[in-house]
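Shown next, in structure tokens, is the structure this report addresses.
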Amino acid sequence: MPITKEHKSIEDRITILENRGLKFRNKQRAICILTKYNYFDIINGFESILLSQSSPTKMFDDVYFEDFYDLYQFDMCLKKHTLFLILDIESRLKTSVSYHFTGKYCDTAAKTLEYVNPQNYCTPVPNDTHLSKAFSKHELFETTQRYNNGTFKSKSFLDRYNKKPAYMGQYQKPPFWVAIKQLTFGPLYYLFLFLDNNTQAKVLNDFNFDSHDLKAYQQAMFILNKMRNECAHLELVSRFKLKHDKNLNFFAEIIALCNLSKTDICYRDVLKILHALGSTLHIRIAIGLFYLKMSLKGRRKIAQKILGKMGRKSIYEWLVL
């Protein structure tokens, strides 16, 4: 049943936490932290990991506020490194798609804008309502429409970006490798799906995937887009969970290719996908340093709990993928 929460001062919240058994090594620093960062993310986000298992009520046993903040900082560190790798993949995908598409469809000045022509893409089969809808509404294929009074009802992709950003305005006909920068990962993901088989194969090859790995690559991009959104909206990526999608064959191909978990997709699964597409060294180092830091503080069990929620409790399994 939905609940309603009334406003409480930071001092009131700390008192409530103390009454539940939470300890503070430095209460003034805790007040400063909760002034800067979201209470919900720091406390509620990790509460289930740190609650006493022997208490039927929400009580803490030998848990400090600083434990919560360590977990929160670790999650922020993961977000930073994860988002960087996904943005790198997004940039590589934009480069690959625009390069191979223009080589086939926009190879002369007269054909510069053929990337907005839906006839140069593969139309999804009619019974695939999800992809058919995505194709019909894709922003590259939108047309400019006006009301009777002349005001815009909708703008085409090129009309929308013909002045902003400034570099688009330099071109009378913006080439695809410039215009594609305006696509976010979601529309870019669908655009890849609409490419012809030959162009798709070339893009896959740029990522060291074979043509028969098309479904696995599609599923990987779908999962990474979900994780990108989680990072961008500052969600807790250490608690990331994604149910298998029936529209994508329940992720069967990427699960087989990257040896992912058979249950919901978790952070470790995302890391394995990133590992298949590039280096994950910085993330694995960050995980190792976090584990070492918590161990030196005598809080190894807490580190193991959060790693368990992410996919594996053992630090060894994180350091060696």
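Points to keep in mind about this one:
- Extension gain, ASN208 back to HIS233 (0.36 nm per residue minus Cα-Cα distance, nm): 6.0 nm
- Additional length obtainable on full extension of the chain from TYR167 to PHE152, 0.36 nm per residue less Cα span: 3.1 nm
- Against the main long axis of the alpha-carbon atoms of the chain, helix 65-105 sits at an angle near 10°.
- Scattering curve values for segment 202-269, log₁₀ I(q)/I(0), Debye with Cα scatterers, q = 0.12 Å⁻¹: -0.32
- Within the straight-line cut-off of under 28 Å between alpha carbons, the lysines reachable from LYS23 are LYS5, LYS8, LYS36, LYS58, LYS79, LYS293, LYS297, LYS301, LYS305, LYS309, LYS313, sequence neighbours fewer than 8 places apart in one chain being disregarded.
- Once C-alpha pairs closer than 8 Å and six or more residues apart are averaged by separation and normalised to the residue number of segment 79-173, the relative contact order reads 14 percent.
- Note on segment 216-315: the alpha carbon radius of gyration divided by the globular reference 2.2 N^0.38 Å gives 1.12.
- Using equal-weight Cα scatterers in the Debye expression, the normalised intensity of segment 94-201 in log10 at q = 0.16, 0.18 Å⁻¹ is -0.75, -0.94.
- Taking a straight Cα-Cα cut-off under 16 Å and skipping sequence neighbours fewer than 8 places away in the same chain, the aspartates and glutamates within cross-link reach of LYS104 are GLU114, ASP196.
- Straight-distance crosslink candidates among lysines, where the alpha carbon sits under 26 Å from LYS111 and sequence neighbours closer than 8 are dropped: LYS94, LYS137, LYS155, LYS163, LYS164, LYS173, LYS181, LYS202
- Ratio Rg/Rh [Cα only; Rh per Kirkwood] for segment 24-127: 1.35
- Peptides ranked, highest mean first, by Cβ atoms within 10 Å: ranges 197-207, 90-100: 90-100, 197-207
- Relative contact order computed over the chain (Cα-Cα under 8 Å; 6+ residues apart), in percent: 15
- For segment 109-123 versus segment 67-87, the gap between their alpha-carbon centres in whole angstrom: 40
- Charging the Cβ of each Asp and Glu at -1 and of each Lys and Arg at +1, and nothing else, the dipole of segment 209-298 about its Cα centre rounds to 400 debye.
- Annotation: extensible slack from LEU321 through ILE31 equals 100.5 nm (criterion: 0.36 nm per residue apart, minus Cα-Cα distance).
- Kirkwood estimate for segment 70-126, i.e. one over the average of 1/r between Cα atoms, Å: 14.3
- Taking PHE46, PHE40 and counting other C-beta atoms within 10 Å, the order from fewest to most: PHE40, PHE46
- Degrees between helix 185-194 axis and first principal axis of the chain (Cα, 0 to 90, nearest 10): 40
- The Stokes-Einstein estimate for the chain, based on a Kirkwood radius over Cα pairs and taken at 20 °C with 1.002 mPa s viscosity, is a diffusion coefficient of 94 µm²/s.
- Counting Cα-Cα pairs of segment 266-321 in 10 Å increments starting at 0 gives whole-percent bin shares of 24, 57, 17, 2.
- Look at the dipole of the chain built from charges on Cβ: of HIS282, ALA303, ILE254, the Cα furthest out on the positive end belongs to ALA303.
- Calculated over segment 177-239, the projected area of the Cα convex hull averaged across directions stands at 5.2 nm².
Values quoted throughout were computed directly from the atomic coordinates according to the rules given, and no laboratory measurement underlies them. It should be emphasised that the depicted structure is a prediction, and the values quoted were computed from it without experimental measurement. Positions of Cβ are backbone-derived with ideal geometry, glycine not excepted, and every protein chain shown enters the neighbour counts.
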